[in-house]
Amino acid sequence: MLIHFNQAKLQQFDELAHKIIQNPEQYLQFDSVSDFYQAAWLDLFPKGTTWAATGLDDGATEFYAIIQFQQHFLKINCLSEMSVTFGISNV
C-alpha cells in the first residue's frame with residue numbers, strides 16, 4: 001500500500017512537471033526570483049516536494065530554480081530566455 005501511495009505522488013509530480021514544460025507561458029511568468037516563490041502552482045506539487053532558487057536577491061531578474069520530489073526534478077533557468085528541464089537523478 002505504501003509503495004502505491006509513493007508511486008501516486010511521483011506520478012503527481014511528473015504530471016505537473018510535464019504540464020509546466022508543455023505550457024510554460026501559463027506557469028512561468030516571473031519578473032524576479034521573488035515571483036517564483038509566490039507562484040501558486042508550487043502548492044500543486046505533492047507534499048514533500050522542495051524548491052529553491054538562486055539569485056543575487058529577491059529582485060533578481062535572472063535566476064535558476066529547482067523543484068524536486070525524491071529523485072524527480074524540474075530545473076528552470078530564467079535568463080535572457082527561459083528553459084525548463086525534467087529529469088530523474090540516479091542518486
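In sequence order, the range 85-91 has phi-based couplings of 10, 9, x, 10, 7, 8, 6 Hz under the Karplus curve 6.51 cos²θ - 1.76 cosθ + 1.60, θ = phi - 60°, and Gly or Pro positions carry x. Compared with the dominant principal axis of the Cα atoms in the chain, helix 2-22 is inclined by about 30°. Under 5 Å between amide hydrogens, built in the peptide plane, is the criterion, and for residue 32 it picks out nothing among residues at least 5 positions away or on other chains.
Read-outs: derived from the displayed coordinates by stated rules, not from any lab. Here the structure is a predicted model, which means the values were calculated and not measured.
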